[in-house]
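Data first, discussion second: the structure below is written as structure tokens.
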Amino acid sequence: MSQTQPEAPARKPRVALLFGGRSGEHAISAATAAGVLGAIDRDRYDVVPVGITRQGRWVVAADDVDRWRITDGRLPEVTADDGAEVVLSLTQGEKALRVLEPGEVPSVLGDVDVVFPLLHGPFGEDGTVQGLLELADVHYVGAGVLASAVGMDKHFMKLVLAGHGLPVGPYEVLKPHEWTADPEACTDRVAALGLPLFVKPARAGSSLGISRVDDLADLPAAVEAAREHDPKVVVEAGIVGREIECAVLGGRDGERPRASLPGEIVVDDTHAFYDFEAKYLDEAHVQLSCPADLPDDVTARVRDLAVRTFEAVEAEGLSRVDVFVTPDHEVVVNEINTMPGFTPYSMYPRMWEATGMTYPELVDELIRLALERPTGLR
């Protein structure tokens, strides 16, 4: 009499955490990876950290939370010395990471079930890596190619949101040839917005290259600071109001996206606004409040507008929507961030924690959402 052989245990889904990258937000991406590495359920998932150097090389990275944290002002960086180079197979159906050792035949690190691209800024958050993952036919966390590109480019983001009838503030776009050819004409255009002005790289995040301008004499320096990160510059009219944020999470099984309780950032007089240093290096002068102290009806409108913004750009997975609430309780969209800061101390997970979902639960939910949705056109 033959005996039935016990079934082999099911393989855990393999998650590749992709971080670092070529943008100016390289260190923030690494810090985000530290948070996820510490929170992901190792009993449920097999984790493969993959770092991208500033030159764009993919390497097997250390599975070490402390290696990637921002510590005492030290910004972490992925280097070629961190590990062997890896490449993702672009052959449909393979989904394999291959290790490239000098002088050796490429070896297979293993199939990847889902990629968690913890990348901020250009060459990662802007649809470029998302396009690569689409070519590889692999599941991944977060927005697709188009939504990532729209969310990254503040110019086209505002056009899309306005096209859906959502409230956005007054702004001007300074294209590279325009500023170079006739800075005086550009100055006249933005002067009509009034003061103060906020000058921003069109395609950057983490408040890199952003300046507040209270005197038009300071505009050229602000534009040049922004152009260090992007040749296209967006100039926004200052809006009097409170800066409120809301975290949005994709819905399950075709349901609408979910919005967290809103949060508020209050920066003291040490910083003119919530800049890079205030976000990541000077927490003592920044107060993060969640839920934000708002009337119930305003909270409901912020959450509704955040979901409609998410839907307008056809985002998936996660996004943080930043709005202004004016003294008369008008709600105006500032921007959507399709890969927001995601350390345990970042506003996105903190808002979900205040809403009832812990950081590890949030990481798990995002991976489940990515595995649930189909690859390819959808």
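The values are calculated or read from the model by the stated rules, or taken from the named source; none is laboratory data. Given the structure is predicted, the values throughout are model-derived calculations rather than measurements. Please note: Cβ atoms are built from the backbone with ideal geometry, for glycine as well, and neighbour counts cover all protein chains shown.
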*Tell me, which residue of the range 289-310 that is within 23 Å of the chain's Cα centre (by Cα) and part of a loop (DSSP other than H, G, I, E, B) is farthest from V266 (Cα to Cα)?*
P291
_Failed item, numbered, when D188 is tested on (1) surrounded by 14 or more Cβ atoms within 10 Å (Cβ to Cβ); (2) at negative phi; (3) at pLDDT 95 or above_ = (1)
*Which one is farthest from F123 (Cα to Cα) among residues in the range 320-337 that are in a loop (DSSP other than H, G, I, E, B) and of a type in the set (D, E)?*
D328
*Which number in (1) in contact with a helix residue (DSSP H, G or I) (Cβ under 9 Å, 6 or more places away or on another chain); (2) in a loop (DSSP other than H, G, I, E, B); (3) at pLDDT 95 or above marks the one condition that P340 misses?*
(3)
*State yes or no: is E178 in contact with a helix residue (DSSP H, G or I) (Cβ under 7 Å, 6 or more places away or on another chain), surrounded by fewer than 18 Cβ atoms within 10 Å (Cβ to Cβ) and closer than 26 Å to A33 by Cα?*
no
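Would you call L88 of a type in the set (A, V, I, L, M) and in contact with a Pro (Cβ under 7 Å, 6 or more places away or on another chain)? Can you show your working first?
Details: of a type in the set (A, V, I, L, M): yes; in contact with a Pro (Cβ under 7 Å, 6 or more places away or on another chain): no.
In short, no.
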*Please state which of the following conditions E365 fails to meet, knowing it meets all the rest: (1) under 17 Å from P291 (Cβ atoms); (2) surrounded by 15 or more Cβ atoms within 10 Å (Cβ to Cβ).*
(1)
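Considering only the range 111-152, state which residues are among the aromatic types (F, W, Y) and crowded, with 24+ Cβ neighbours inside 10 Å. Break it down stepwise before answering.
Filtering the range 111-152 for residues among the aromatic types (F, W, Y) gives 116, 123, 140.
Listed by number, the residues that qualify are F116, Y140.
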_Close pairs (7 angstrom Cβ cut-off, 6 or more residues apart or separate chains): aliphatic (A, V, I, L, M) in the range 102-120, assigned to a loop (DSSP other than H, G, I, E, B) and modelled with pLDDT under 90 anywhere_ = V112/K95
*Among the residues of the range 181-196, is any part of a strand (DSSP E or B) and not hydroxyl-bearing (S, T, Y)?*
no
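For the range 36-63, give me the residue count where each residue is touching a strand residue (DSSP E or B) at 6+ places or on another chain (Cβ under 9 Å) and within 21 Å of D364 (Cβ to Cβ). Even if it seems obvious, please write down each step before you answer.
Let us first name the residues in the range 36-63 that are touching a strand residue (DSSP E or B) at 6+ places or on another chain (Cβ under 9 Å), namely 36-37, 40, 45-54, 57-63.
Add one more test, that the residue is within 21 Å of D364 (Cβ to Cβ), and what stays is 36-37, 40, 45-50, 63.
Count: 10.
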*asked:* Would you confirm, using the coordinates I've provided, whether A181 is over 26 Å from A370 (Cβ atoms) and assigned by TED's automatic domain parsing to the domain that holds A226?
replied: yes
*Check whether at least one residue in the range 158-173 is at pLDDT 95 or above, buried (at least 21 other Cβ atoms within 10 Å of the Cβ) and touching a Phe, Trp or Tyr at 6+ places or on another chain (Cβ under 8 Å), and report yes or no.*
yes
*Filter the range 197-222 down to residues that are charged (D, E, K, R) and outside any strand (DSSP E or B), then give me how many there are.*
4
_Can you pull out every residue in the range 224-260 that is in contact with a helix residue (DSSP H, G or I) (Cβ under 6 Å, 6 or more places away or on another chain) and either modelled with pLDDT under 95 or surrounded by fewer than 20 Cβ atoms within 10 Å (Cβ to Cβ) (or both)?_
P231, P257
*Take the residues of the range 71-83 that are surrounded by fewer than 17 Cβ atoms within 10 Å (Cβ to Cβ) and over 17 Å from P117 (Cα atoms): which is farthest from the chain's Cα centre (by Cα)?*
D81
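Is it fair to say V332 is in the same structural domain as P295 (by TED's automatic domain parsing), modelled with pLDDT of 95 or more and either basic (K, R) or in contact with a helix residue (DSSP H, G or I) (Cβ under 6 Å, 6 or more places away or on another chain) (or both)?
On the way: in the same structural domain as P295 (by TED's automatic domain parsing): yes; modelled with pLDDT of 95 or more: yes; either basic (K, R) or in contact with a helix residue (DSSP H, G or I) (Cβ under 6 Å, 6 or more places away or on another chain) (or both): no.
Judged against the criteria, V332 is not a match.
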_Which numbered condition L159 misses (of (1) free of Cβ contacts under 8 Å to residues at least 24 places away in the same chain; (2) farther than 24 Å from F310 by Cα)_ = (2)
*Quick one: is T355 exposed (fewer than 15 other Cβ atoms within 10 Å of the Cβ), over 17 Å from S148 (Cα atoms) and over 17 Å from the mean Cα position of the chain (by Cα)?*
no
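Would a scan of the range 361-376 turn up a residue that is part of a loop (DSSP other than H, G, I, E, B) and either among the aliphatic types (A, V, I, L, M) or on the phi > 0 side of the Ramachandran plot (or both)?
Taking the range 361-376 and keeping what is part of a loop (DSSP other than H, G, I, E, B), we get 373-376.
Then keep just the ones that are either among the aliphatic types (A, V, I, L, M) or on the phi > 0 side of the Ramachandran plot (or both); that gives 376.
Yes, because at least one residue in the range 361-376 is part of a loop (DSSP other than H, G, I, E, B) and either among the aliphatic types (A, V, I, L, M) or on the phi > 0 side of the Ramachandran plot (or both).
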